[in-house]
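First the structure, in the form of structure tokens, and then the observations on it.
Just so it is clear, none of the values below were taken in a lab; they were calculated from the coordinates. As the structure is a computational prediction, the values presented were derived from the model and not from experiment. Heads up, the Cβs are rebuilt from the backbone with ideal geometry, glycines too, and the neighbour counts pull from every protein chain shown.
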Amino acid sequence: MQGDGISIKSLSPDKHIVRWREGGRGSRARQETIYADYDDVVARKNRALAQMGKENQSVCTLAKLRTQYLKFCEHQKGYYDKTLVTKAILAKFGDVPITSLNTMLLEQYQGELLAKRKPATVNRYFACIKHMMGKAADWNLITEAQLKDVRKVKQLKENNRRLRYLSKEEAANLLDACRQSRAAAYLYPIVQVALNTGMRKGEIMGLRWDNIDLKAGFIHVTEDESMGQSIKNGEGRSIPINDTLRNVLGSLPVRIDGGRLFTTAFHGDCFVDALKRAKIRNFHFHDLRHTFASNLAMGGCDLATLKELLGHKSVTMTLRYSHLSGEHKKAAVRILDNSNILEEIANGT
């Protein structure tokens, strides 16, 4: 039974069981099956609560939870992504009581997202939903039983085999397009940070001046609750600042309070426009991370070091770049085929 005395169990999109106790705790529970869409059932419930004098006293709506949750996440590196995800959730379900979110509704939403987005993206959405509802349970806004119901939604199997990275020419064209963008003031440095650090978009948008040590020459990506867990794998890392990145950071206004480098929200349409201007197809922002890693692998960086720079928990994810390193080693050895070095050595000359 929910904290407001009325609970809704959805059997299908148009069939719901409403349970309540007229005499409060200890009294006999009653229930009624209502054949209507979910929003209509919730509206009836809210009217009943208003008549009982409980409206706005014990019912936490999705909008209220979102406000409280984002305030809690304000200083986390995953904050930017969470604002977008929770906004999408609110747009989907409306300002309903959070107690109305159940396994069936969330699995339907999962299916809708999967029709438009990749499994990895859908999983990030639901990691945020579960984290938000977990905090709701911590704040006694829902019961542990309700949280358990939300957590029944299973994580989708992800396919992480895609490996798209920019050639040197494409990277130059993209950076030039970013300079010409209407959002050049923040788009160009963001792309440069991605290309020179391999950081994820959420990490970049949450980056603070407190994380940057220009004197020592490192960016410290510290542990943080991102989408319900620590920075993706629960471990911080330090990324060296090369000369290109140092120049980029030097062009940004430094905040004395150690606040965020990028205070303007990242607009994906500006990045898409830059890609079109650069005539680059089949490319996503996350592929900038692949470009960073691929360039290091092709430059001879060993996989152990690359693993540390990318923040992978195991070398399994890093192994996807091993073939790039191998091909360049083969190309280096093939230099001998086009020279007379070995022949001269054999002849003792």
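What is the set of long-range amide H partners of Gly236 at a cut-off below 5 Å, with H atoms built 1.01 Å from backbone N?
Glu223
Short version: what are the Cα gyration tensor semi-axes of region 168-332, square root of 5 times each eigenvalue, largest first, in whole Å?
Values: eigenvalues 116, 94, 46 Å².
Here the semi-axes work out to 24, 22, 15 Å.
What does the net charge come to around Gln68 if you take all other residues with beta carbon closer than 12 Å to its beta carbon, with K and R at +1 and D and E at -1?
+2
Arrange the peptides 277-285, 203-211 so that the one whose residues have, on average, the most other Cβ atoms within 10 Å appears first.
Numbers: 277-285: 14.8, 203-211: 20.8.
By packing density, highest mean first, the sequence is 203-211, 277-285.
In whole Hz and in residue order, list the ³J(HN,Hα) couplings for region 198-210 that follow from phi through the Karplus curve 6.51 cos²θ - 1.76 cosθ + 1.60, θ = phi - 60°; x for Gly and Pro.
Result, rounded to whole Hz: x, 6, 6, 4, x, 5, 5, 5, x, 5, 10, 5, 4.
Would you mind putting 12-19, 80-87 in packing order, based on average other-beta-carbon counts within 10 Å, highest first?
By packing density, highest mean first, the sequence is 80-87, 12-19.
What does the charge count around Val153 come to, taking other residues whose C-beta lies under 12 Å from its C-beta (Lys +1, Arg +1, Asp -1, Glu -1)? Intermediate values should be presented prior to the final figure.
Numbers: positive: Lys130, Lys148, Arg151, Lys152, Lys154; negative: Glu107, Asp149.
With Lys, Arg at +1 and Asp, Glu at -1, the neighbours total +3.
Each label point is 7 Å from the Cα along the Cα-to-Cβ direction; what then is the distance between the points at Thr316 and Leu114, in nm?
That separation, rounded to one decimal, is 2.1 nm.
Going Cα to Cα from Lys168, which lysines come in below 16 Å? Please leave out same-chain ones fewer than 8 positions away.
Cross-link targets: Lys279.
Of Gly259, Gly217, Thr316, which is farthest along the charge dipole of region 168-332 in the positive direction, counting Lys and Arg as +1 and Asp and Glu as -1 at C-beta?
About the Cα centre, the residue reaching furthest to the positive side is Thr316.
Using the Karplus equation 6.51 cos²θ - 1.76 cosθ + 1.60 (θ = phi - 60°), what ³J(HN,Hα) coupling, rounded to whole Hz, does each residue of region 279-285 give in order, writing x for Gly and Pro?
For region 279-285, the Karplus-derived couplings read 6, 10, 10, 6, 9, 10, 4 Hz, x marking Gly and Pro.
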